[in-house]
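No value in this document is a laboratory result; all are computed from the given coordinates. Computed from a predicted model, the values in this text were never measured in an experiment. Note that we place each Cβ from the backbone using ideal geometry, even for glycine, and neighbour counts take in every protein chain shown.
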């Protein structure tokens, strides 16, 4: 029987793949979004900063910042899910990916529901890929702040999958 | 709407921190209509291969233009929040070009404002994205 891969090596491979996917997108850094990984589950965090405010009187997050956060979470979640098999099969060529050949899914449409005002503090989001085909994928995203059960926004979108050779 | 009401609405929109951070500028405002531009910036790139701006930044532009059209509507008050926003992406915006969103608040009830918007780059014949949304209505001016 094959020996199980050492846990440190497994984590290093997964975290490297995730950082390569995330770090290639300047806008993710612009928004202040980062990703935590537990196994194959990703949780996105948008760290609060004053530039995210849309209504200074309340204050509340800008609806556009919330929409962007959800869209970033959906795209990275979808890319991550679709690459997971290759990451685990160790067939993903990380070096090739680092040189910029990894194409991300493209948004076809995206619908955001605003459930309550975004508070001036960190926000979290998780994406669920409801359907992923060769060409199209459907993704749902939920975002919350202090309380996981009190969503402040959710979104659904359709995405065009990158066409990859081999 | 009086000119001073339009000026107040313009000041209100110009003061939105996230829109300022994205470099947005109010190009035109009045009677339930808003035109807002967002210059190209490499910080906003969503696709590292093509250098195309991230859809999220286009969403933020659409949301700002939609909200601006609402506060510029004679029957809505100063201040609004997005209830929902749907965006359709027709094509990637050309890297290097300013994106301009035109939003129209086409119906207002006592509680809800309905908006549609179109975003274009320099090629104004082929929209980059369209959006429809519903926004809250602050207490009317009347």
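Taking the DSSP bridge list for the stretch A:1-144 and keeping only pairs wholly inside it, about 100 percent are antiparallel.
Taking the longest Cα principal axis of chain A as reference, the axis of helix A:7-23 is set at about 50 degrees. In chain B, Cα pairs under 8 Å separated by at least six residues give a relative contact order of 24 percent.
Per-residue ellipticity at 222 nm from helix content only, as computed over chain A with -39500 (n - 2.57) for each DSSP H run of at least four residues, stands at -10000 deg cm²/dmol.
Counting Cβ atoms of other protein chains within 10 Å of each Cβ in B:79-92 and taking the mean gives 6.
Using a Gaussian network model of chain B in which every pair of alpha carbons under 10 angstrom is joined by a spring, one finds that among B:67, B:79, B:46 the greatest mean-square fluctuation is at B:46.
For the pair residue A:47 and residue A:128, label points projected 7 Å from Cα toward Cβ lie 3.0 nm apart. Per-residue packing, averaged as other Cβ atoms within 10 Å, sorts the ranges A:74-80, B:72-78, A:134-140, B:14-20 into the order A:74-80, B:72-78, B:14-20, A:134-140, beginning with the highest. Using r as the Cβ-Cβ distance of residue B:97 and residue B:6, and R0 as 35 Å, what FRET efficiency do you calculate, to the nearest 0.05? After rounding, the FRET efficiency stands at 0.80.
Counting only other chain Cβ atoms within 10 Å of each residue's Cβ, the peptide A:146-156 averages 1.
Look at the stretch A:44-54: the mean tally of other chain Cβ atoms within 10 Å of its residues' Cβ atoms is 3.
For the stretch A:7-160, the relative contact order is 24 percent, taking Cα pairs closer than 8 Å that sit 6 or more residues apart in sequence and dividing their mean separation by the residue count. Packing, taken as the mean count of other beta carbons within 10 Å per residue, orders the peptides A:6-13, A:112-119 from highest to lowest as A:112-119, A:6-13. Here the label points at residue A:16 and residue A:115, each 7 Å from Cα along the C-beta direction, are separated by 3.8 nm in the simple model. Residue separation of residue B:49 and residue B:139 scaled by 0.36 nm, minus their Cα-Cα distance, works out to 27.7 nm of gained length. What FRET efficiency comes out for the pair residue B:112/residue A:9, r = Cβ-Cβ distance, R0 = 41 Å, nearest 0.05? After rounding to 0.05, the efficiency reads 0.15.
Can you work out the FRET efficiency for the pair residue A:93 and residue A:163, with r the C-beta to C-beta distance and R0 = 25 Å, to the nearest 0.05? For residue A:93 and residue A:163, the calculated efficiency is 0.90.
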